[in-house]
Amino acid sequence: MKTLKQYTTRLALVVALVVGACMPAKSQVSLDAYYNVDWQFNIPINSFVNKTSGWGMNFDAGWYLTPDIAIGAFMSYHTNSEYVDRSVVNLTPQSAVYTDQQRSLYQLPFGVTALYRIIESDWQPYVALKLGAEYAHMSSYYYIYKSSEDTWGFYMSPEIGVRWYPWANGMGLHAAVYYSFSTNNGKVMGQSMETPGNFGFRVGLAF
Amino acid sequence: MKKLVPMLFAAALLVTACEKTPDTSNLDDDYLVYTNYDGDADFAKFSTFFVPDSVLIIDNSSDKPKYLYGTPAADILIANYVAGMEAAGYVRTMDKASADLGLQISYVKDTYRFRYYNNYPWWYGYPWYWQFSYWGDWGGWYWPYDITYSYSTGSVLGELVDLTQPASASNNLRVVWSSYISGLLNSDGSLNTSEVTQAISQAFSQSKYLKK
């Protein structure tokens with residue numbers, strides 16, 4: 001009996017999803033444009049800081065050239081921080097410093113988005129590619145000092161996500177996962193960063 | 001609603017686009033040890049070193065130099081630097097004229113004077129800094145490397161000078177090793193002797209090239 005109930009629930013969910021996906025998109029603010037405001041969770045890869053954090057946001061705006069294809073602009077920012085225990089840091093071949101430190105990496109990419117909407121309905125899954133520039137501020141706090149460096153690089157990020165417009169007032173929900181990398185290079189307190197990557201997800205509001 | 005969305009979007013951008021300053025409360029607030037050396041120096045060629053019996057005090061004094069002499073703080077600082085040098089294989093001599101290396105130790109008690117001379121090196125222009133004439137008939141100082149750190153109250157500076165070069169008015173005295181240690185004060189302003197021992201030991205530990 002319990003198994004039958006589970007199957008029934010799953011079947012109802014699948015039917016609801018299929019019906020929802022086939023419904024025409026009537027509830028978003030503009031059928032020709034999209035807007036997202038997201039909170040994001042970022043996992044740095046091979047970066048100056050390698051600890052995850054949720055200190056970031058993402059902003060997207062785009063316009064549909066055809067029912068499936070849109071171009072847009074984006075900007076996001078994120079701060080990842082990491083405590084590094086006491087160690088000897090070689091600053092140059094001759095100089096060294098022994099201290100603990102709090103490293104921080106602030107990334108701010110911005111640029112253009114090319115987006116392909118897979119289904120046009122209340123559920124709108126899509127794939128996108130973002131290209132642009134990234135400003136990254138590398139900093140290290142230690143004892144009473146701070147060392148930092150500003151870097152710029154080329155930015156690229158593939159993304160898959162979905163927008164869902166369940167309400168009639170034009171507001172919807174947005175979720176996406178992304179990977180990104182940039183050509184930012186820098187070195188602070190003996191720690192180098194070369195072509196850092198990021199993986200993460202973002203959730204927020206869609207208009 | 002349609003017109004409001006871009007405005008809300010722009011407002012959200014402006015309000016939230018800022019870098020989060022990391023929490024530094026988990027830094028341990030212990031000492032910092034910085035070392036630098038002359039890459040052209042052959043530290044194995046030196047055998048003996050001489051250390052003055054006093055530690056120079058750097059404070060807001062404007063009329064004459066001050067020294068720590070015969071105090072527990074001076075004894076601890078000198079003893080720990082001497083221990084480090086001896087552990088590296090160098091022999092202490094009481095004859096300054098015959099020493100290969102000179103070791104001068106300074107204690108930054110107050111940064112008032114240094115505020116005005118905080119470029120390369122830290123003490124440039126400080127009137128009562130160690131005099132090169134103390135070590136012989138030299139023409140001036142020479143640091144073969146950049147000093148990139150600022151100073152703070154309670155810091156200790158230890159420097160090795162090369163006395164094997166011929167002293168003359170046309171020759172500058174070469175500083176072949178520098179150690180800068182910060183964060184050695186207790187809350188009452190006195191030197192934390194335990195941390196002095198650890199920090200000076202660390203200065204030698206991260207200077208493996210300093211070996212007879």
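The values are calculated or read from the model by the stated rules, or taken from the named source; none is laboratory data. All values reported here derive from a predicted model rather than from experimental measurement. Neighbour counts are summed over all protein chains in view; Cβ atoms, including those assigned to glycine, are modelled from backbone coordinates with ideal geometry.
The single condition among (1) in contact with a strand residue (DSSP E or B) (Cβ under 9 Å, 6 or more places away or on another chain); (2) at positive phi; (3) touching a residue at least 60 places away in the same chain (Cβ under 8 Å) that A:Tyr143 does not meet is (3). Answer yes or no: is there a residue in the range A:45-65 that is more than 30 Å from B:Gly183 (Cβ to Cβ), of a type in the set (S, T, N, Q), facing chain B (nearest Cβ under 10 Å) and touching a residue at least 60 places away in the same chain (Cβ under 8 Å). No; the residues of the range A:45-65 include none that is more than 30 Å from B:Gly183 (Cβ to Cβ), of a type in the set (S, T, N, Q), facing chain B (nearest Cβ under 10 Å) and touching a residue at least 60 places away in the same chain (Cβ under 8 Å). Contact annotation: residue pairs with Cβ atoms under 7 Å, 6 or more positions apart or on different chains, pairing a residue in the range A:75-96 that is closer than 30 Å to B:Asp40 by Cβ and more than 7 Å from every other protein chain (Cβ to nearest Cβ) with a partner that is in a strand (DSSP E or B) and small (Gly, Ala, Ser), are A:Val89/A:Ala96; A:Asn90/A:Ala96. Taken together, A:Lys146, A:Lys130 contain a single residue that is surrounded by fewer than 17 Cβ atoms within 10 Å (Cβ to Cβ) and basic (Lys, Arg), which is A:Lys146. Considering the range B:37-55, and only residues there that are away from chain A (no Cβ under 14 Å) and aromatic (Phe, Trp, Tyr), the residue that is nearest to B:Val108 (Cα to Cα) turns out to be B:Phe50. Of all residues in the range B:180-212, how many are under 9 Å from B:Val33 (Cβ atoms), more than 10 Å from chain A (Cβ to nearest Cβ) and in a strand (DSSP E or B)? Here the count works out to 0. If you go through the range B:110-138 and pick out every residue that is over 25 Å from B:Lys208 (Cα atoms) and either modelled with pLDDT of 95 or more or in a loop (DSSP other than H, G, I, E, B) (or both), you end up with 19. The condition (being out of contact with any helix residue (DSSP H, G or I) (no Cβ under 8 Å at 6 or more places or on another chain), of a type outside the set (A, V, I, L, M, F, W, C) and crowded, with 20+ Cβ neighbours inside 10 Å) is satisfied by just one residue among A:Gln107, A:Gln191: A:Gln107. Scanning the range A:60-80 for residues that are surrounded by fewer than 21 Cβ atoms within 10 Å (Cβ to Cβ) and closer than 30 Å to A:Gln102 by Cβ gives a single hit, A:Met75. Listed by position, the strands (runs of 3 or more DSSP E) contained in the range A:120-202 that have at least 3 residues being closer than 30 Å to A:Tyr83 by Cα and within 14 Å of chain B (Cβ to nearest Cβ) are A:123-142, A:145-164.
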